[in-house]
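Quick notes on the structure that follows.
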Amino acid sequence: MTKRITTEYAVIGSGAGGSVVAYHLAAAGARVAMIERGAWLSPKDYSHDEPEMIARLYKDGGAQTNNDADMFVLQGNCVGGSTVLTNAVCFRMPEDVRASFEQQGCTLPRELLTQSHARVESVLGVAALAADLHNPATAVLASGFQDIGIEPSGFQKNMRDCIGCGYCNVGCRYGRKLDASQTWVPMSVKRGATVVPDTEILRIDHHRGQVRRLLGRDRKTGEEVHIVADRYVLAGGAINTPELLLRSGLHKGRAGKRTSFNAGGIVFGEFEHDLDGFLGDQMCVHHINDRFVIEQIQNPPVSLALTMPGFYGDHAERMLRYRRMAALGVLVPTKPTGEVFLGLGHRLLRKLFDHADIRYRMSQEELRDFRDGCKTAARAMLAAGAKSVFMPCATPITITEEAHLDRVDAAMRSQSDLVGFGSSHPQGGACRGSDPATSVVDEEFRVRGFEDLFVADGSLFPHSVRVNPMLSIMATADFAVRSIGGITPADQILEGPAHEDRLRTAAAKAIDA
């Protein structure tokens, strides 16, 4: 038996890109179906049971890696996509990144992109993280940065009356994080869009530059699903969108190429006294330069254990001192040298291994930048009073004084020397550009050779945006609806939880006056 869906626009994916496009199309009066591989969950379905939530909310249960299994790649697998699993960090696309994209034909005009950022921020309720939500390790780490000559910055976040529970990466059980599942998706549904969860699109059926239908399956029942639309939008993310193109025989040799990441690991510091860094928001301060990003990341116990260096008894002893631990994540914006491809496992063992492979090796330049970022994080930890600093490498290194940092170079000579190395920010793979020889998507967001197939997610980016990419992806999708649906978005979006909060605040002020 086959389930058949007919609509005007079929949007594959409900994360940062797909949810924004679906909202704008639905708000313009179009019939929209948003197809999502994962389940449709609500805050009441979330818990603080990390193993259970990681298995339910992450693609491959959080076990997606590159082919060499020395790098994890985290992605969401639920309605709202990876936005459900972020720490609510919101950075606008840096201007130098926008300008670099423009040089490669991925044009995002500065004024229009600024408007898109502002529109998206309004829906997400983006604001500076309140100081009373800072966890107790924040002031300690901030003083360490200051002592080595760095003034750390605070984060802008899409929170709504956050209580600082520290479990952002397994969904917000209190509904306080305004991710796509709490904003764009319900706003789309309110405008008439349909969400089709638990449905995996396996192939694009096409003929002579025209999509005939999408072929998929219901992941709960196993039933075949056929979707016919006037236009199709790929928004499954930087791994899934290129994979679907390759499954469909489209743009072999270009699809999946030029994949990039914000990739890195975590430096841990142990202090003489309890910090209890878990009491508050996980991410409160950061430092960014052209080569690396350092972000505070106070993970809950299971997530921290998965990235903590050390083996057996050493690892167990460190975990027993969890209350005394502080953590700084170091991320490097990689060059677009990674690749998503269909390997031997897919071709020969399709029933057992039916998804794409990921290839990525850190260059020596990127490895140098990562080492330098780790050393900077370690110096800040030591200046803050850490008695021991644990570096993210397989060869155990404990830094107790700055003179020991020379040991890091010998211990981090290749990617395979690293522990807890990975990325939750894959980008590229279906790059937008002006050169048909290197780009999969043209300047109108169309997949080259098609009039009815578009892309609106992080796979468009010619290289890493350097910062946490959620807001950049949403703003790009907001801009893309001009091409996808012939829509000029309204200056303001006057709906959604953040807008309702603003109305209540204004009403309360009026009553007080």
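The values are calculated or read from the model by the stated rules, or taken from the named source; none is laboratory data. Just so you know, these numbers come straight off a predicted model, no measurement behind them. So basically every Cβ, Gly included, is an ideal-geometry build from the backbone, and we count neighbours across all protein chains shown. We work out accessible area using only protein heavy atoms, side chains counted, and drop any ligands, DNA or RNA first. Shrake-Rupley method; radii C 1.70, N 1.55, O 1.52, S 1.80 Å.
Whether any residue in segment 392-412 is within 24 Å of CYS90 (Cα to Cα) and of a type outside the set (A, V, I, L, M, F, W, C) is what I want to check. First the steps, then the outcome.
Filtering segment 392-412 for residues within 24 Å of CYS90 (Cα to Cα) gives none.
Within segment 392-412, none of the residues are within 24 Å of CYS90 (Cα to Cα) and of a type outside the set (A, V, I, L, M, F, W, C).
With respect to ASP406, is the statement that it is open to solvent by 30 Å² or more (accessible area, probe 1.4 Å) and in a helix (DSSP H, G or I) true? So ASP406 passes the test.
Given the condition of a type in the set (Gly, Ala, Ser) and closer than 17 Å to LYS257 by Cα, answer yes or no: does some residue in segment 437-447 qualify? Spell out how you get there, then give the answer.
Applying the first criterion (of a type in the set (Gly, Ala, Ser)) to segment 437-447 yields 437, 439.
Among the residues that remain, those that are also closer than 17 Å to LYS257 by Cα are: 437, 439.
Within segment 437-447 (the criterion being of a type in the set (Gly, Ala, Ser) and closer than 17 Å to LYS257 by Cα), the answer is yes, since at least one residue qualifies.
Consider ARG213 carefully, then state whether it is in a strand (DSSP E or B), touching a His at 6+ places or on another chain (Cβ under 9 Å), closer than 24 Å to ASP354 by Cβ and open to solvent by 20 Å² or more (accessible area, probe 1.4 Å).
Numbers: in a strand (DSSP E or B): yes; touching a His at 6+ places or on another chain (Cβ under 9 Å): yes; closer than 24 Å to ASP354 by Cβ: yes; open to solvent by 20 Å² or more (accessible area, probe 1.4 Å): yes.
For ARG213, the condition - in a strand (DSSP E or B), touching a His at 6+ places or on another chain (Cβ under 9 Å), closer than 24 Å to ASP354 by Cβ and open to solvent by 20 Å² or more (accessible area, probe 1.4 Å) - is met.
Within segment 338-354, the only residue that satisfies the criterion of being at pLDDT 95 or above and small (Gly, Ala, Ser) is GLY338.
Suppose we filter segment 219-234 for residues that are closer than 26 Å to PRO426 by Cα and either among the acidic types (Asp, Glu) or open to solvent by less than 10 Å² (accessible area, probe 1.4 Å) (or both); how many remain? Residues flagged as closer than 26 Å to PRO426 by Cα and either among the acidic types (Asp, Glu) or open to solvent by less than 10 Å² (accessible area, probe 1.4 Å) (or both) within segment 219-234 amount to 3.
At least 1 residues that are modelled with pLDDT of 95 or more, hydroxyl-bearing (Ser, Thr, Tyr) and surrounded by 24 or more Cβ atoms within 10 Å (Cβ to Cβ) in each: list the strands (runs of 3 or more DSSP E) lying fully within segment 240-322 that qualify. Write out each step before concluding.
Numbers: elements: 259-270, 285-288, 293-296.
Filter on segment 240-322 gives 259-270.
Answer yes or no: is there a residue in segment 105-123 that is without any contact (Cβ under 8 Å) to a residue 24 or more places away in the chain and basic (Lys, Arg). Checking segment 105-123: at least one residue is without any contact (Cβ under 8 Å) to a residue 24 or more places away in the chain and basic (Lys, Arg). Looking only at segment 28-58, filter to residues that are touching a residue at least 60 places away in the same chain (Cβ under 8 Å) and within 25 Å of PHE421 (Cβ to Cβ); which one of those is most open to solvent (accessible area, probe 1.4 Å)? Top of the filtered list is PRO51.
A search for C-beta distances below 7 Å between a residue of segment 329-344 that is part of a strand (DSSP E or B) and any residue that is at pLDDT 95 or above and hydroxyl-bearing (Ser, Thr, Tyr), counting only pairs 6+ apart in sequence or on different chains, returns PRO333/SER464; GLY338/THR259; GLY338/SER260; GLY338/TYR360; GLU339/THR259; VAL340/THR259. Selection over segment 161-209 of residues that are under 20 Å from the mean Cα position of the chain (by Cα), among the basic types (Lys, Arg) and open to solvent by 30 Å² or more (accessible area, probe 1.4 Å) gives a count of 2.
Okay, residues lined up against (1) part of a loop (DSSP other than H, G, I, E, B); (2) touching a strand residue (DSSP E or B) at 6+ places or on another chain (Cβ under 8 Å); (3) exposed (fewer than 14 other Cβ atoms within 10 Å of the Cβ):
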residue	(1), (2), (3)
SER472	no, no, no
PHE479	no, no, no
ILE484	no, yes, no
THR488	yes, no, yes
ILE493	yes, no, no
HIS499	no, no, no
LEU503	no, no, yes
ALA508	no, no, yes
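Residue pairs whose Cβ atoms lie under 8 Å apart, separated by 6 or more positions or on different chains, with the first residue in segment 470-497 and in contact (Cβ under 8 Å) with a residue 60 or more places away in the chain and of a type in the set (A, V, I, L, M) and the second in a loop (DSSP other than H, G, I, E, B) and open to solvent by 20 Å² or more (accessible area, probe 1.4 Å), are MET470/THR86; LEU471/PHE91; LEU471/ARG92; LEU471/VAL126; ALA475/ARG92; VAL481/ILE487; ILE487/ALA28.
For the structure I just gave you, tell me whether LYS335 is at pLDDT 95 or above, under 26 Å from CYS431 (Cβ atoms) and of a type outside the set (A, V, I, L, M, F, W, C). Answer is yes for this residue. State whether the residues of segment 80-94 include one that is surrounded by 23 or more Cβ atoms within 10 Å (Cβ to Cβ), in a strand (DSSP E or B) and at pLDDT 95 or above. No, that holds for no residue.
Could you list, in sequence order, all residues of segment 43-68 that are part of a loop (DSSP other than H, G, I, E, B) and under 30 Å from LEU344 (Cβ atoms)? Give the derivation first.
Quick first cut of segment 43-68, residues part of a loop (DSSP other than H, G, I, E, B) only: 46-49, 63-64, 66-68.
ALA63, GLN64, ASN66, ASN67, ASP68 - these are the residues of segment 43-68 that are part of a loop (DSSP other than H, G, I, E, B) and under 30 Å from LEU344 (Cβ atoms).
Checked against the criterion of being without any contact (Cβ under 8 Å) to a residue 40 or more places away in the chain and either part of a strand (DSSP E or B) or open to solvent by 10 Å² or more (accessible area, probe 1.4 Å) (or both), the candidates ARG379, ARG413, ARG368 yield just one match: ARG368. List pairs: first in segment 153-166 and without any contact (Cβ under 8 Å) to a residue 24 or more places away in the chain and more than 18 Å from ASP276 (Cβ to Cβ), second in a loop (DSSP other than H, G, I, E, B) and of a type in the set (Phe, Trp, Tyr), Cβ under 8 Å, 6+ apart or cross-chain? No pair meets every condition.
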